[in-house]
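Take a look at the structure set out below.
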Amino acid sequence: MPHIIIHYLPELDEPERTFIEHLTAGMSHESIQQFASAYRQVRKDPQTLRLMAIIGIVAVPGLQRFWVGHIGIGFLFLVTWGLLLLGTITDIIKYRELAFGFNQQVARRIADNLIH
């Protein structure tokens, strides 16, 4: 039987879906609704992150890093033109991992706030 979180967050792909299912496994139906609502507001979409990295090549290097809260790396990319484009190209390739890392931190924080 599919986990109820799929009904509230159908846009999630693997491995994010599995992570969220495990994180919300012991929550009540009401808590899962609250979690899904809060998570959807702050979650970063991987495709948008990739688009920001592509824009970073021609316009604002490091934009994708600022968006996920990596301010220091964002400034480094900004002043070094994306570490001479290598960092930006790496982010374009690894956009899913970058978004998933941010989303994991956010999900844990929301779950902790709901539990405590």
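Given the criteria part of a loop (DSSP other than H, G, I, E, B) and either of a type in the set (D, E) or farther than 18 Å from D13 by Cα (or both), does G56 qualify?
no
Go through the range 9-28 and count every residue that is surrounded by 16 or more Cβ atoms within 10 Å (Cβ to Cβ), closer than 15 Å to R108 by Cβ and either touching a residue at least 24 places away in the same chain (Cβ under 8 Å) or within 15 Å of the chain's Cα centre (by Cα) (or both).
6
Within the range 31-76, track down each residue that is over 16 Å from the mean Cα position of the chain (by Cα) and aromatic (F, W, Y).
Within the range 31-76, F75 is the sole residue that qualifies.
Given the criteria touching a Leu at 6+ places or on another chain (Cβ under 7 Å), free of Cβ contacts under 8 Å to residues at least 40 places away in the same chain and either β-branched (V, I, T) or under 30 Å from H116 (Cα atoms) (or both), does V79 qualify?
Here the answer is no, as V79 does not meet what is asked.
Pull up the range 102-116, narrow it to residues that are under 13 Å from the mean Cα position of the chain (by Cα) and within 15 Å of L12 (Cβ to Cβ), then point me to the one that is surrounded by the fewest Cβ atoms within 10 Å (Cβ to Cβ).
Q104
Restricted to the range 65-86, and to residues that are assigned to a helix (DSSP H, G or I) and of a type in the set (G, A, S), which residue is surrounded by the fewest Cβ atoms within 10 Å (Cβ to Cβ)?
Across the range 65-86, the extreme among qualifying residues is G72.
Which residues, counting only those in the range 45-64, are surrounded by fewer than 15 Cβ atoms within 10 Å (Cβ to Cβ) and either of a type in the set (S, T, N, Q) or closer than 22 Å to V106 by Cβ (or both)?
Within the range 45-64, D45, Q47, T48 meet the criteria.
Mind checking whether some residue in the range 29-42 is part of a loop (DSSP other than H, G, I, E, B) and out of contact with any helix residue (DSSP H, G or I) (no Cβ under 7 Å at 6 or more places or on another chain)?
no
Taken together, the values in this text are just the output of simple stated rules run on the coordinates, not laboratory data. Quick caveat: nothing in here was measured; it's all calculated off a predicted structure. Every residue, glycine as well, gets a Cβ built from its backbone with ideal geometry; the counts of neighbours run over all protein chains shown.
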